[in-house]
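Since every read-out is calculated from the coordinates, none of them should be taken as a lab result. These numbers come from a predicted model, not from an experiment. Heads up, the Cβs are rebuilt from the backbone with ideal geometry, glycines too, and the neighbour counts pull from every protein chain shown.
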Amino acid sequence: MRIIADLHLHSKYARACSKDLDLEHNVIWAKKKGIDLVGTADFTHPYWFKELKEKLVEEKSGLYKLKGTDGKVLFMLTTELSCIYSQGGKVRRIHLCVFVSDLDTVAKINDALTKRGVNLKADGRPIMGLSAIELTKIILEINPKSLIIPAHAWTPWFSVFGSYSGFDTLEECFGEMTKYIYAIETGLSSDPAMNWRFSALDKITLISNSDAHSSANLGREANVFEILENKLSYAEIYRIIKEKDKKSFLYTIEFFPEEGKYHFDGHRTCKISFSPSQSKKNKGICSVCQKPLTIGVLNRVEVLANRPEGFKLETIPYKSLVPLPEVIAEALDLGKTSKKVNAIYEDLISKGSSEFKILLDLSYDELAKIALPEIVLAIKNIREGKVKAIPGYDGEYGVIKALDGIEKIKPAQKSLF
């Protein structure tokens with residue numbers, strides 16, 4: 001049984017997140033997307049934890065459903081924690097995903113953090129002065145079957161390998177606890193192929209999640225497992241990730257990394273976007289304001305990589321996709337949040353079952369029966385990797401064009417759909 005899982009997102013209690021990010025909306029959107037398993041997010045926040053205890057009931061061992069639902073969308077207890085501390089003469093800012101198996105473990109983690117002075121009410125993703133080593137020890141002492149996974153591992157400002165506050169190796173960050181770090185999250189601005197260039201990660205499982213700040217962004221990255229229905233459980237997902245089980249971990253679903261907000265170097269205010277080679281030529285300085293550039297993910301990978309670009313590792317594969325609203329928007333030459341795009345999106349979902357079914361599974365003949373020819377062509381080009389990318393930089397999302405140079409639907413025709 002195929003299980004699509006998005007295990008890193010946020011709740012309505014996290015800063016700069018939609019107030020609709022609740023369990024009810026996440027079930028609705030997970031069904032639209034075709035996601036089977038969703039992280040609860042933010043389990044350290046006391047008000048959110050209260051909701052989780054009141055609204056969730058265990059359906060599979062370590063996996064929960066929202067009361068009153070059919071259980072086709074399950075939840076895993078997850079959160080993201082922010083560690084800001086000094087190590088090696090440098091301020092470190094590390095975000096860590098934490099996955100656990102039961103509500104009792106969550107309660108003990110929350111209690112342990114509160115006793116160490118962490119203000120859990122301040123944010124769904126609380127900030128603490130604990131090091132990655134200390135936090136890992138605390139969590140694993142409470143429940144050794146918890147997973148601690150560096151979040152968006154290459155993002156410049158808040159990640160284990162980040163260009164401004166990260167480390168050059170997992171060992172530098174986690175010390176003696178490194179042996180308990182089984183996975184990293186690649187983040188929107190990198191994909192597995194970029195990570196394969198760094199041989200130190202060969203034994204590490206690469207996972208991908210949306211890090212969604214709204215329910216509509218669920219599944220923009222995800223993990224695809226093959227698990228027998230009678231084996232579906234937290235323990236089985238833990239095992240697959242820990243063992244890097246290539247038979248059970250089918251692939252990850254990825255952004256094209258150029259679409260991520262920090263793929264290239266640059267200055268958003270100056271509208272300067274540089275590749276690593278351009279940055280090197282300019283000595284890391286913005287050509288407009290003459291201040292240091294924000295160094296992006298591709299550049300950081302180049303610094304740590306010990307393999308050439310294009311190196312292929314025989315490991316868990318991946319598929320790069322573009323969210324369906326963006327596909328529709330490009331075909332109609334409209335904004336992705338326009339009413340027309342939303343209406344066509346809802347119509348496609350009603351006819352095609354789910355977004356992932358449309359993007360991954362339906363044949364071109366099947367797609368042609370429900371979608372405009374331009375949308376079918378765009379999906380075909382995306383599946384084949386025939387896209388043009390305008391890389392994101394310094395907090396600005398990139399753009400993926402699947403119909404570049406192809407005539408779009410003319411404005412006069414839009415009213416027909």
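Length gained on full extension, E226 to S350, computed as 0.36 nm times the residue gap minus the Cα-Cα distance: 42.1 nm.
The calculated FRET efficiency for S86 paired with K179, based on their beta-carbon distance and R0 = 22 Å, is about 0.35.
Springs between alpha-carbon pairs under 10 angstrom, Gaussian network model over the chain: which of G89, G166, G219 fluctuates most? In the Gaussian network model the winner is G89. Of the residues G175, G398, G68, the one that moves most in a GNM of the chain with alpha-carbon contacts below 10 Å is G68.
With a 10 Å cut-off between alpha carbons and a GNM built on the chain, which of F198, F255, F161 moves the most? Of F198, F255, F161, the Gaussian network model singles out F198 as fluctuating most. Of the cross-linked pairs K33/K244; K203/K336; K60/K115; K12/K72; K261/K281; K72/K145, those separated by over 30 Å at the C-alpha level are K203/K336; K60/K115. Averaging the sequence gap over all C-alpha pairs within less than 8 Å and six or more residues apart, then dividing by the number of residues, gives the chain a relative contact order of 16 percent.
Cα centroids of the range 219-248 and the range 80-158: 23 Å apart.
In summary, the aspartates and glutamates within cross-link reach of K32, defined as a Cα separation below 12 angstrom excluding same-chain residues under 8 places away, comprise E346, D347, E355. Shape class for the range 261-402, computed from the alpha carbon gyration tensor (a ≥ b ≥ c): oblate, with a/c not under 1.5 and a/b at or below b/c. Loop-located trypsin sites (Lys or Arg not before Pro) in the range 309-353 (DSSP state not H, G, I, E or B) with no more than 12 neighbouring Cβ atoms inside 10 Å: K312. Under 15 Å from a label point set 7 Å out along the Cα-to-Cβ vector of E54, the amide N atoms of the range 1-28 belong to 12-13, 22-24. Beta bridges assigned by DSSP with both partners in the chain are antiparallel in approximately 70 percent of cases.
Per residue of the chain, the DSSP helices (runs of n ≥ 4 H) give a summed -39500 (n - 2.57) that works out to -8000 deg cm²/dmol at 222 nm.
Histogrammed with a bin width of 10 Å, the alpha carbon distances of the range 246-295 distribute as 25, 39, 17, 12, 7, 0 percent, first bin at zero.
Rounded to the nearest 0.05, the FRET efficiency derived from the C-beta distance between K340 and A389 at R0 = 22 Å is 0.30.
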